[in-house]
Amino acid sequence: MRVYVNDMPVELLPGMTVKHALIKANMFGEIEKGKKVCDEWGNEIGLDGGLTEGVRIFVIDEIKNTE
């Protein structure tokens, strides 16, 4: 399946997690530096989160509160 990490396409096997996508995209080091992962709507997601075909995730400095 194809997912996108910071708009970069990443090919994964079904059942792989957010952590797998970050490793494949060479972005896991950014998480170790304190950055966060969010979905395309700005919601923080965990490293064990499941992925589906075409999902877009982003590595960002911080989650902005919209309240």
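Considering helices alone, the calculated mean residue ellipticity of the chain at 222 nm is -4000 deg cm²/dmol, with DSSP H runs of length four and up weighted by -39500 (n - 2.57) and normalised per residue.
Each Lys and Arg contributes +1 and each Asp and Glu -1, all at the Cβ; summed about the Cα centre of the chain, the dipole is approximately 180 debye.
In loop segments of region 9-65 as defined by DSSP, the trypsin sites (Lys or Arg not before Pro) with at most 13 further C-beta atoms inside 10 Å of their C-beta are LYS33, LYS64. Here the Karplus curve 6.51 cos²θ - 1.76 cosθ + 1.60, taken at θ = phi - 60°, turns the phi angles of region 28-41 into couplings of 5, x, 5, 5, 5, 8, x, 6, 10, 10, 9, 8, 5, 9 Hz, with x standing for Gly and Pro.
From the list (i) 60, 19, 8; (ii) 29, 14, 5; (iii) 19, 13, 10, can you say which value of semi-axes √(5λ) of the Cα gyration tensor in Å was derived from the structure given? So the calculated entry is the one marked (iii). Extension gain, TRP41-THR17: 0.36 nm per intervening residue step, less the Cα-Cα distance, totals 6.8 nm.
Of the chymotrypsin sites (Phe, Trp or Tyr not before Pro) in region 1-63, the ones in a loop by DSSP (not H, G, I, E or B) with at most 13 other beta carbons within 10 Å are TRP41.
Since every read-out is calculated from the coordinates, none of them should be taken as a lab result. All figures in this text were calculated on a predicted structure; none of them were measured in a lab. Cβ sites come from the backbone with ideal geometry, for glycine too, and all protein chains shown count toward neighbours.
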